[in-house]
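Visitor: Here it is, the structure in full.
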Amino acid sequence: MNGNTVGLTIDRKTMSVPPGTTILEAASAAGIRIPTLCHMKLEDLEYENNPGACRICVVEVEGRRNLAPACKTECTEGMVVHTHTPRVMNARRTVMELILSNHPAECLTCSKNGYCDLQKVAHDLGIREIRYRGEESVFVPDRSPAIVRDMNKCIMCRRCETACNTIQTVGALTAVNRGFRAVVATAFGRDMAGSTCSYCGQCVSVCPTGALSGRSHTDEVLKALADPEKIVIAQTAPAVRTALGRDFGYEAGTLVTGKMVSALRELGFDYVFDTDFAADLTIMEEGTEFLNRLRAEDADGERAKLPLMTSCCPGWVSFVEQHYPELLPRLSTARSPQQMFGSVAKRYFARLLGVERRRLVVVSVMPCLAKKYECSRLEFAVDGNPDVDVSIYTRELARLIRYANIDFRALPDGEFDRPFGESTGAGVIFGTTGGVIEAAMRTAYELYTGRPLPEIEFVRLRGMEGIRSATVDFDGKPVRIGIAHGLGNARRLVEEVLAGKSPYDAIEVMACPGGCIGGGGQPFHRGNMEVLRCRADALYREDAGKPLRKSHENPCVQELYREVLEEPCGPKAHEWLHTRYFDRKNGGTEDSGPEK
Amino acid sequence: MEKEIRNESLPSCVREKVHDICREHGCDPGELIHILHALQRTFGYLPEAVQEAVAAELDIPVARVYGVVTFYSYFTMVPKGKYPVSVCLGTACYVRGAEAVLDEFRRQLEIGVGETTLDGLFSLDCLRCVGACGLAPVVSVGDRVYGRLTPEKVRGILSDYYRAAED
């Protein structure tokens, strides 16, 4: 026996593991699968949900009277473990039957059908009958603009609570009551719209059942597509193309840009455009805004509006409005790419087509649930007509493609329509953490120094660490950059700034771990960071393959400024492409008021 | 830095009391349960606005405060009656007919468990074992404990309190 390891046997395999290793971890390392429901560990995010609540992972340990929960039992020297004896299987089946005794048997119509952990474990255990019948909980489903909660399907694994409180530090969800009445809820059982929820959707990403799901708007899309009066336009966010293929058998991080475009055409969209175009536009505005603030500091030492904080992510914007309203002046006033696209489409493209804005239906395909909420904000509408009519997330697009029986893998690679399908590599990398600020630096550097960038890729801004920082040299002027992904990391970064410990000039925040590639609307990555890395690599690959890689070089963006917008951050650009924010610290269910 | 609490619905005296009690406990989130105990002793119950004020003082999500308040049966979000009635449903009391006694209180007071009568005189709760199993079934009203109760005795006990309230 070695002092630094513990030797044990699991299913007749001998192994040695570091002290403190649980049976579950040891088994997993040896390739032995033990089913779990509540346990979830996301190594890179330092997230672990391990309440030991579900009891599905019980195993038999020789010499021990009771079965042991593998997730909570540490390995000891000489331990002999059996993971699938008749006694273990009988216990697991009983546990599962007890869980299912209070679970609605509506798998066929459940939004998680086919993607549900509970369903999968029940299937693996071969449950054919539920012998226990008792009282059933009755909760009224809560439909917020982005997230639907049906607590009748909750198994109290508390993954969502950990995601909301530990990773995101949003604190909207908590376990309330006790015993049979115990449930995960918001404060005072209010609906999510009345809570501190930022709609990041990370709770939906980790929920093992149909208790938490994204609000679906596929019917609205189908209705618009069937209406001959409507001109239906799609815009697709960069992260979607890295993950959509998952539902059609492609490896994680396979770029399916061309097939996605073809699929949207097959579905009946009149125009298929790229949100990346609007991302280039965002860089023109946000980059210029950053330079204006930086020059104001150069001129009179005024740092009131620095660091500039990115505003592309509606989950992050909502978080600042609710938790740090004192920082609202630091947020870039530039709208998110989704809303810039909608604004240009409804104001300009409608005019090009010679039709009323109401005849256009702008559908965004996003990796995100918060984008649905963003569409519902009143400042992004004109006379009650929203700039973006419907936002659907990646899983919904996959659903539409299956619904229409489109053979995705057989589709030819299509091209985006012009003019709003034209984008640079800078717009593409918006989808991953560090991408927005890298894109902004590519443009800001050249505008500030008047000289071309010596090195186009800012490798130091890339990576998956939760908080990163780097200094970029603007011809002798050091520009200090902070990056955070995940709202918990964002909170830590913001607290440093407020304490005066981090004198950044620009900060990029994305609410979801990994950035948009890990968004609440993406195919579930279940904490597998390798999946996120593959998706990020895919975006950097697409960027590297683009002939143009700086937003200000996008010819269609240049033309748009010549034709209508005049100049970045000018009066016209301000009216069309910028927005304002609201202090929602105390409850703040009241919405954002009419457009200025 | 003192956090400003902008809770419009809370009278300033209540707000100050919450502030003082939180300060007495060092505004430490780990003291949440003690703080809630002290506040319930002071106000008799823990309405939403008080929980929101506590969350702001301790700089923690209000959902967490609400989670604690709903977890422990001692905490209540509705004002208790002048004479809080608690029926013991511990094992000994239960097997000796506590449920029938509880039903009689429900019928007489016309309220459910966890509720308070409209005149504010009585509230009705259940608890598990007061350590007087020899007297089962046991009911406490305020600080007084009644043992060996039967449904027939309930009306008499209540009328004593109605008379006391009139005096």
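Visitor: Could you list, in sequence order, all residues of region A:311-327 that are crowded, with 21+ Cβ neighbours inside 10 Å and in contact with a Leu (Cβ under 8 Å, 6 or more places away or on another chain)?
Guide: A:311, A:315, A:316, A:317, A:319, A:320 - these are the residues of region A:311-327 that are crowded, with 21+ Cβ neighbours inside 10 Å and in contact with a Leu (Cβ under 8 Å, 6 or more places away or on another chain).
Visitor: Is it fair to say residue B:118 is away from every other protein chain (no Cβ under 14 Å) and either assigned to a helix (DSSP H, G or I) or surrounded by 20 or more Cβ atoms within 10 Å (Cβ to Cβ) (or both)? I'd like the intermediate steps shown before the answer.
Guide: On the way: away from every other protein chain (no Cβ under 14 Å): yes; either assigned to a helix (DSSP H, G or I) or surrounded by 20 or more Cβ atoms within 10 Å (Cβ to Cβ) (or both): no.
Taking the combined requirement at face value, the residue does not satisfy it.
Visitor: Tell me the strands (runs of 3 or more DSSP E) entirely within region A:81-188 that contain at least 2 residues that are more than 14 Å from every other protein chain (Cβ to nearest Cβ). Steps first, please.
Guide: Values: elements: A:147-149, A:174-176, A:183-185.
Strands (runs of 3 or more DSSP E) meeting the threshold: A:147-149.
Visitor: So for region A:75-98 (the condition being acidic (Asp, Glu) and outside the structural domain of residue A:45 (by TED's automatic domain parsing)), does at least one residue qualify?
Guide: no
Visitor: Same structure, new question: Please verify whether residue A:55 is loosely packed, with under 15 Cβ neighbours inside 10 Å and in a loop (DSSP other than H, G, I, E, B), treating the condition exactly as stated.
Guide: no
Condition check ((1) in a helix (DSSP H, G or I); (2) in the same structural domain as residue A:393 (by TED's automatic domain parsing); (3) at pLDDT below 95; (4) of a type outside the set (Gly, Ala, Ser)) across all residues:
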site: A:262; (1), (2), (3), (4): yes, yes, no, no
site: A:266; (1), (2), (3), (4): yes, yes, no, yes
site: A:269; (1), (2), (3), (4): no, yes, no, yes
site: A:272; (1), (2), (3), (4): no, yes, no, yes
site: A:292; (1), (2), (3), (4): yes, no, yes, yes
site: A:295; (1), (2), (3), (4): yes, no, yes, yes
site: A:302; (1), (2), (3), (4): no, no, yes, yes
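Visitor: Tally up the residues in region A:1-30 that are free of Cβ contacts under 8 Å to residues at least 12 places away in the same chain and either touching a Leu at 6+ places or on another chain (Cβ under 9 Å) or under 16 Å from residue A:80 (Cβ atoms) (or both), please.
Guide: So the count comes out to 2.
Visitor: Limited to region B:69-110, what total is found for residues that are away from chain A (no Cβ under 14 Å) and within 15 Å of the chain's Cα centre (by Cα)?
Guide: 10
Visitor: Checking residue A:311 against (1) in the same structural domain as residue A:392 (by TED's automatic domain parsing); (2) in contact with a strand residue (DSSP E or B) (Cβ under 7 Å, 6 or more places away or on another chain); (3) not aromatic (Phe, Trp, Tyr), which single condition isn't satisfied?
Guide: Every listed condition holds for residue A:311 apart from (1).
Visitor: Right, next: Residue A:342 - would you say it is modelled with pLDDT of 95 or more, surrounded by 24 or more Cβ atoms within 10 Å (Cβ to Cβ) and either touching a helix residue (DSSP H, G or I) at 6+ places or on another chain (Cβ under 9 Å) or over 20 Å from residue A:515 (Cβ atoms) (or both)?
Guide: Yes: the conditions hold for residue A:342.
Visitor: Can you name the condition, by its number, that residue A:80 falls short on among (1) more than 30 Å from residue A:492 (Cα to Cα); (2) in contact with a helix residue (DSSP H, G or I) (Cβ under 9 Å, 6 or more places away or on another chain); (3) hydrophobic (A, V, I, L, M, F, W, C)?
Guide: (2)
Visitor: Ok, one more. Select from region A:522-540 the residues that are out of contact with any helix residue (DSSP H, G or I) (no Cβ under 7 Å at 6 or more places or on another chain) and in a helix (DSSP H, G or I) and list them in ascending order.
Guide: Narrowing region A:522-540 to residues out of contact with any helix residue (DSSP H, G or I) (no Cβ under 7 Å at 6 or more places or on another chain): A:526-528, A:530-531, A:533-534, A:537.
Those that are out of contact with any helix residue (DSSP H, G or I) (no Cβ under 7 Å at 6 or more places or on another chain) and in a helix (DSSP H, G or I): A:530, A:531, A:533, A:534, A:537.
Visitor: If you don't mind, another one. Return the residue satisfying two criteria in turn: it lies in region B:40-66 and is hydroxyl-bearing (Ser, Thr, Tyr) and surrounded by fewer than 20 Cβ atoms within 10 Å (Cβ to Cβ), and of such residues it is nearest to the other protein chains (Cβ to nearest Cβ).
Guide: Ranking the qualifying residues of region B:40-66, first place goes to B:45.
Visitor: Shifting gears a bit: Which residues, taken from region A:1-50, are surrounded by fewer than 18 Cβ atoms within 10 Å (Cβ to Cβ), at pLDDT 95 or above, of a type in the set (A, V, I, L, M, F, W, C) and over 27 Å from residue A:120 (Cβ atoms)?
Guide: Residues satisfying the conditions do not exist here.
Visitor: Also, quick follow-up: State whether the residues of region A:187-196 include one that is touching a helix residue (DSSP H, G or I) at 6+ places or on another chain (Cβ under 7 Å), surrounded by fewer than 24 Cβ atoms within 10 Å (Cβ to Cβ) and more than 21 Å from residue A:324 (Cβ to Cβ).
Guide: For region A:187-196, residues touching a helix residue (DSSP H, G or I) at 6+ places or on another chain (Cβ under 7 Å), surrounded by fewer than 24 Cβ atoms within 10 Å (Cβ to Cβ) and more than 21 Å from residue A:324 (Cβ to Cβ): present.
Visitor: Same structure again: Just one of the numbered conditions (1) buried (at least 21 other Cβ atoms within 10 Å of the Cβ); (2) more than 30 Å from residue B:65 (Cα to Cα) is not true of residue A:208; which one?
Guide: Failing condition for residue A:208: (2).
Visitor: Restricting attention to strands (runs of 3 or more DSSP E) lying wholly within region A:378-494, give those where 2 or more residues are over 29 Å from residue A:361 (Cβ atoms) and at pLDDT 95 or above.
Guide: A:477-485
Visitor: Let me ask something else. Suppose we filter region A:284-296 for residues that are touching a residue at least 60 places away in the same chain (Cβ under 8 Å) and loosely packed, with under 15 Cβ neighbours inside 10 Å; how many remain?
Guide: Number of matching residues: 1.
Visitor: Mind listing just one residue for me: the one in region A:433-457 that is of a type outside the set (Gly, Ala, Ser) and crowded, with 21+ Cβ neighbours inside 10 Å and, of those, farthest from the chain's Cα centre (by Cα)?
Guide: A:445
Visitor: Restricting to region A:58-98, give me the number of residues that are in contact (Cβ under 8 Å) with a residue 60 or more places away in the chain and β-branched (Val, Ile, Thr). First the steps, then the outcome.
Guide: Filtering region A:58-98 down to residues in contact (Cβ under 8 Å) with a residue 60 or more places away in the chain leaves A:75-84.
Adding the requirement that they be β-branched (Val, Ile, Thr) leaves A:76, A:80-81, A:83.
The number of residues fulfilling the criteria is 4.
Visitor: Does residue A:432 satisfy the condition of being without any contact (Cβ under 8 Å) to a residue 40 or more places away in the chain and not acidic (Asp, Glu)? Please lay out each step first, then the result.
Guide: Working: without any contact (Cβ under 8 Å) to a residue 40 or more places away in the chain: no; not acidic (Asp, Glu): yes.
When the stated conditions are applied, residue A:432 does not pass them.
Visitor: I would also like to ask the following. Is it the case that residue B:154 is surrounded by 13 or more Cβ atoms within 10 Å (Cβ to Cβ), within 20 Å of the chain's Cα centre (by Cα) and under 22 Å from residue B:90 (Cα atoms)?
Guide: Details: surrounded by 13 or more Cβ atoms within 10 Å (Cβ to Cβ): yes; within 20 Å of the chain's Cα centre (by Cα): no; under 22 Å from residue B:90 (Cα atoms): yes.
No; evaluated as a whole, the condition is false for this residue.
The values are calculated or read from the model by the stated rules, or taken from the named source; none is laboratory data. Everything quoted here is computed from the prediction, not taken from an experiment. Because the Cβ atoms are built from the backbone with ideal geometry, glycine has one as well, and the counts that use them run over all protein chains shown.
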